[in-house]
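In what follows, a single structure is set out as structure tokens and then discussed.
The values are calculated or read from the model by the stated rules, or taken from the named source; none is laboratory data. Keep in mind that what you see is a predicted model, and the values were worked out from it rather than measured. Every residue, glycine among them, receives a Cβ derived from its backbone with ideal geometry; neighbour counts consider all protein chains shown.
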């Protein structure tokens, strides 16, 4: 007998698990397959913004006070200037990526989602998916699962996107990230973004005795030596800290797809387009996409998901473009930071827009205020 399910999710990372949870809560039978073992790790900043915490809550995933480190705002630091602002309402949290993944797995299992690890999907069709599971005399055994809906949540290099012929993009910009963990007590209640020429160091406290540091640049292989050269103040602070574990690298990308579904196949998370990691909005975007996709599945209308996907991406894309503009122009960046420092309201208002506490219309008024400060900077 051919195995059947309503929804088959390819990719068991945070976006895939979120999509599975949201679909299961709508009453669908859901299977998730991933070629990896869990928990799945990935090089990311490990900071959950307040809107990310809210989206997780909507999926039934919550964190206790001892399961991460509270983050109350964001601080930007350049060579000559620093500016910070607190989140306008809810706080964020620094959480190890593996701890987040374990939470999502627990929630998925509690909902009744079937999780298939070490089960790579090798093809899809109009009827369902084919997996390679187990071995027989050292050969993989192909297993077919009939599915009404197929969700691709297999990341930036998505094979599902290629199989569904959804690879057409309107924009694509790559940068490269290296993540490290240091055994050191956090020195700030803020997530810090250190700005250098063509690179940023993203610092997030993840426990009472550990911080996560991600170096992002346009250069391949921009590893630990670049920390001392580009961020001497941060390097000095970390000089006596113990390095925990090995470096982990990843590609971060600004990418927008022309379409995120075809027939009965839909994409979610980085497979459906992505924003640069410096925004800190990748996870929140993926979780909100998952909720919107479940609504569209319930309505049997993936065009509804396409429209919601575009709407959800507007704010993170806009903020990503603004920050990449600052990344590419050092003189503009320094002048902008001086303008922020001269009036703390400007940075606070931008942060409120960034985390979704204020609308994009609010950004226009903030832009006018920034313009006056920029003239005087």
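Summary table below
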{"read-out": "Count of the stretch 90-135 residues which are part of a loop (DSSP other than H, G, I, E, B) and either in contact (Cβ under 8 Å) with a residue 24 or more places away in the chain or touching a helix residue (DSSP H, G or I) at 6+ places or on another chain (Cβ under 7 Å) (or both)", "value": "11"}
{"read-out": "Hits in the stretch 248-265 (condition: in contact with a strand residue (DSSP E or B) (Cβ under 7 Å, 6 or more places away or on another chain), surrounded by fewer than 16 Cβ atoms within 10 Å (Cβ to Cβ) and at pLDDT 90 or above)", "value": "258"}
{"read-out": "Scan of the stretch 2-16 for residues that are over 13 Å from residue 112 (Cβ atoms) and in contact with a strand residue (DSSP E or B) (Cβ under 8 Å, 6 or more places away or on another chain), ordered by number", "value": "2, 3, 4, 8, 9, 10, 11, 12, 16"}
{"read-out": "Tally, over the stretch 173-192, of residues that are under 14 Å from residue 46 (Cβ atoms) and in a strand (DSSP E or B)", "value": "8"}
{"read-out": "Qualifying residue in the stretch 77-87 (condition: more than 24 Å from residue 200 (Cα to Cα) and in contact with a helix residue (DSSP H, G or I) (Cβ under 8 Å, 6 or more places away or on another chain))", "value": "no"}
{"read-out": "Residues (crowded, with 21+ Cβ neighbours inside 10 Å and in contact with a helix residue (DSSP H, G or I) (Cβ under 6 Å, 6 or more places away or on another chain)) located in the stretch 15-39", "value": "15, 17, 18, 19, 20, 21, 22, 23, 24, 30, 32"}
{"read-out": "Residue within the stretch 269-277 that is out of contact with any helix residue (DSSP H, G or I) (no Cβ under 8 Å at 6 or more places or on another chain) and either within 19 Å of residue 50 (Cα to Cα) or surrounded by 23 or more Cβ atoms within 10 Å (Cβ to Cβ) (or both) present", "value": "yes"}
{"read-out": "Some residue of the stretch 228-244 being touching a helix residue (DSSP H, G or I) at 6+ places or on another chain (Cβ under 8 Å) and either surrounded by fewer than 14 Cβ atoms within 10 Å (Cβ to Cβ) or more than 19 Å from residue 215 (Cβ to Cβ) (or both)", "value": "yes"}
